[in-house]
Amino acid sequence: MGFGAALGVALGEDAGETVRIADAEDISGGVTAELACYDRWTLLIHVAGAIDVTVELSPDGKATWYEIDESPYSYGAAGDSTNELGYDATHIRLTGSNATSVTAQIRGVW
């Protein structure tokens, strides 16, 4: 049994955590967050206006970055999206195409 599965048994079926990446802020310079060893995780994004959000993952503690296949997420106006992702990585980086305010969170479940 893997670490995530063991946590699920010890903490309950839906054990998990929420990681805030951005809190209604300009992400044009890039924002990063650490990821745990989730069985599954969802990226939740809210944007205050038109913006493209590039999503990159690092497998090695932020030494190397790779843009995911689904990136960029493009928004023509204010709105929300939920994006179930199944990649394994140590960190995530979001970068906005402009200074539009973005709120982003990860919900990871073991």
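The values are calculated or read from the model by the stated rules, or taken from the named source; none is laboratory data. Just so it is clear, the structure is predicted and the values come from calculations on it, not from any experiment. Methodologically, a virtual Cβ is constructed for each residue, glycine included, from the backbone with ideal geometry; neighbour enumeration extends over all protein chains shown. Areas reflect the complete protein model, heavy atoms only, side chains present, ligands, DNA and RNA absent. Shrake-Rupley method; radii C 1.70, N 1.55, O 1.52, S 1.80 Å.
Look at segment 23-37 and say how many of its residues are farther than 15 Å from N98 by Cβ and within 12 Å of the chain's Cα centre (by Cα). Residues meeting the conditions: 5.
Could you tell me whether segment 66-88 includes any residue that is touching a residue at least 24 places away in the same chain (Cβ under 8 Å), among the acidic types (D, E), farther than 15 Å from R107 by Cα and assigned to a loop (DSSP other than H, G, I, E, B)? No, because not a single residue in segment 66-88 is touching a residue at least 24 places away in the same chain (Cβ under 8 Å), among the acidic types (D, E), farther than 15 Å from R107 by Cα and assigned to a loop (DSSP other than H, G, I, E, B). Taken over segment 26-43, the criterion of being over 17 Å from W65 (Cα atoms), assigned to a strand (DSSP E or B) and open to solvent by 70 Å² or more (accessible area, probe 1.4 Å) is satisfied by D26, R40. Among the residues of segment 44-88, those identified as among the hydrophobic types (A, V, I, L, M, F, W, C), closer than 15 Å to V31 by Cβ and open to solvent by less than 40 Å² (accessible area, probe 1.4 Å) are I45, V47, I51, V53, V55, L57.
Taking segment 89-110 as the range and being small (G, A, S), over 20 Å from V47 (Cβ atoms) and outside any strand (DSSP E or B) as the test, only A89 passes. Residue-level check: of (1) part of a loop (DSSP other than H, G, I, E, B); (2) modelled with pLDDT under 95; (3) surrounded by 15 or more Cβ atoms within 10 Å (Cβ to Cβ), D14 misses just (3). Looking only at residues in segment 66-110 that are small (G, A, S) and touching a Leu at 6+ places or on another chain (Cβ under 9 Å), which one is modelled with the lowest pLDDT? Looking at the filtered set, the residue picked out is G108.
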